[in-house]
Amino acid sequence: MAIPDNHPRAESLRIRERIIEGMHEKVVAEAGLIAHGRGEAYDYLLGEKTPNYAQKQQEVAVAMLLTSKKPVISVNGNIAALCPKEIVQFAETTRAALEINLFYRSEERIKAITSVLKEAGAKTILGADPEYHETLEEISHLRRIVDIRGIYSADVVLVPLEDGDRTMALRRAGKKVITVDLNPLSRTSLWSNISIVNNVTRAIPEMIEESFKLKEKNSDELKDLINDFDNYKSLQESLNFMSSRLRDLAEGKLEDPTKNL
Ligand code: ATP
């Protein structure tokens, strides 16, 4: 569907179209549409802009990826539909492996996502070849299948838009977990080492830029950034941001678009 440029919510509608197209192409699971809608609702609370607290979360996340021994980025259908080129570029700048990992796993979806990532420039994609499959025991569903060359042996895993069970399993398996999740109250946000409470469509391009800046710093400076970070406090900051924004709007900052009618 063509969305007129002057539509007040053109950008959001274009992103929504990408998710819908992704579903028709079997890249996105049906439940991915629901997850996207929940994300959109939280993004309203942020004013659809990256807040300062999220810039900090993103900076620390990049520092952790750059100082890790074996970073892996887990890709699901929504990520492949929303920001394929960006996720491939981000993996390159942080030397991370890309691994497809799906809650609703099927060969058809693995193939569809593989071809999206290849088109976006990915050279190596883990998670598709059964020869390298291993299982993370703590999880009961198909998402327990991971690649022995990737998530299974990783020290740091970026799992954008993840479900809580797997995040908990990754933590219990001793991995450092970074997530991007607009919902600061999700189990994933609560269980991650670093939770980026921002829209993934803004967070990934901003983290690519950040990685160029942080590459100029030495590893002690990067480690200090990580050691000074407290995910629990950072989630409180994101909740404070949302609640004070809502309070400001409620107390008079909300513009009445009908006042000049
Ligand atoms: P949990 O199990 O962690 O408590 P959940 O099972 O509800 O959460 P999912 O249904 O897998 O988690 O949803 C993934 C999360 O991704 C949701 O919390 C949603 O807010 C978030 N989300 C959806 N779209 C985006 C986006 N574009 N950017 C960032 N976060 C998003």
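The values are calculated or read from the model by the stated rules, or taken from the named source; none is laboratory data. What you are looking at is a predicted structure, and each value in this text was computed from that prediction instead of being measured. Neighbour counts run over all protein chains shown; Cβ positions are idealised from the backbone, glycine included. Protein only, heavy atoms only, side chains kept; ligands, DNA and RNA dropped before computing areas. Shrake-Rupley method; radii C 1.70, N 1.55, O 1.52, S 1.80 Å.
Just for the stretch 32-61: of the residues that are open to solvent by 10 Å² or more (accessible area, probe 1.4 Å) and among the β-branched types (Val, Ile, Thr), which one is nearest to Gly22 (Cα to Cα)?
Out of the qualifying residues, it is Ile34.
Which residues, counting only those in the stretch 220-242, are surrounded by 14 or more Cβ atoms within 10 Å (Cβ to Cβ) and free of Cβ contacts under 8 Å to residues at least 40 places away in the same chain?
Answer for the stretch 220-242, where residues must be surrounded by 14 or more Cβ atoms within 10 Å (Cβ to Cβ) and free of Cβ contacts under 8 Å to residues at least 40 places away in the same chain: just Asn231.
I'd like the residue in the stretch 161-185 that is at pLDDT 95 or above and within 11 Å of the ligand (Cβ to nearest atom) and, out of all such residues, is nearest to Ile226 (Cα to Cα).
Thr179
Restricting the search to the stretch 94-128, which residues are open to solvent by less than 30 Å² (accessible area, probe 1.4 Å) and out of contact with any strand residue (DSSP E or B) (no Cβ under 8 Å at 6 or more places or on another chain)?
Hits for the stretch 94-128 are Leu102, Arg109, Ala112, Ala120.
Among the residues of the stretch 62-84 satisfying the criterion of being open to solvent by 40 Å² or more (accessible area, probe 1.4 Å) and not hydroxyl-bearing (Ser, Thr, Tyr), which is farthest from the ligand (Cβ to nearest atom)?
First, pick out the residues of the stretch 62-84 that are open to solvent by 40 Å² or more (accessible area, probe 1.4 Å): 67, 69-70.
If we keep only those that are not hydroxyl-bearing (Ser, Thr, Tyr) too, we end up with 69-70.
Details: Lys69: 26, Lys70: 24 Å.
Among those that are open to solvent by 40 Å² or more (accessible area, probe 1.4 Å) and not hydroxyl-bearing (Ser, Thr, Tyr), it is Lys69.
How many residues, within the stretch 25-61, are more than 15 Å from the ligand (Cβ to nearest atom) and closer than 30 Å to Glu108 by Cβ?
2
Would you mind stating whether Ile87 is open to solvent by less than 10 Å² (accessible area, probe 1.4 Å), part of a helix (DSSP H, G or I), out of contact with any Asp or Glu (no Cβ under 9 Å at 6 or more places or on another chain) and within 16 Å of the ligand (Cβ to nearest atom)? Write out each step before concluding.
Values: open to solvent by less than 10 Å² (accessible area, probe 1.4 Å): yes; part of a helix (DSSP H, G or I): yes; out of contact with any Asp or Glu (no Cβ under 9 Å at 6 or more places or on another chain): yes; within 16 Å of the ligand (Cβ to nearest atom): yes.
Answer is yes for this residue.
Provide a single number: the residues in the stretch 167-206 that are assigned to a helix (DSSP H, G or I), open to solvent by less than 80 Å² (accessible area, probe 1.4 Å), out of contact with any Ser or Thr (no Cβ under 8 Å at 6 or more places or on another chain) and hydrophobic (A, V, I, L, M, F, W, C).
At the first step, the residues of the stretch 167-206 found to be assigned to a helix (DSSP H, G or I) are 167-172, 187-191, 200-206.
Imposing the further condition that a residue be open to solvent by less than 80 Å² (accessible area, probe 1.4 Å) reduces the set to 167-170, 188-189, 200-206.
So of that shortlist, the ones also out of contact with any Ser or Thr (no Cβ under 8 Å at 6 or more places or on another chain) come out as 168-170, 200-201, 204-205.
Keeping just the survivors that are hydrophobic (A, V, I, L, M, F, W, C) gives 168-170, 200, 204.
Residues meeting the conditions: 5.
What tally of residues in the stretch 129-166 results from selecting those that are within 30 Å of Asp43 (Cβ to Cβ), among the acidic types (Asp, Glu) and surrounded by 21 or more Cβ atoms within 10 Å (Cβ to Cβ)? Talk me through it step by step, then tell me what you get.
Applying the first criterion (within 30 Å of Asp43 (Cβ to Cβ)) to the stretch 129-166 yields 139, 141-143, 146, 150-151, 154, 156-166.
Still in the list and also among the acidic types (Asp, Glu): 162-163, 165.
Among the residues that remain, those that are also surrounded by 21 or more Cβ atoms within 10 Å (Cβ to Cβ) are: 162.
Qualifying residue count for the region: 1.
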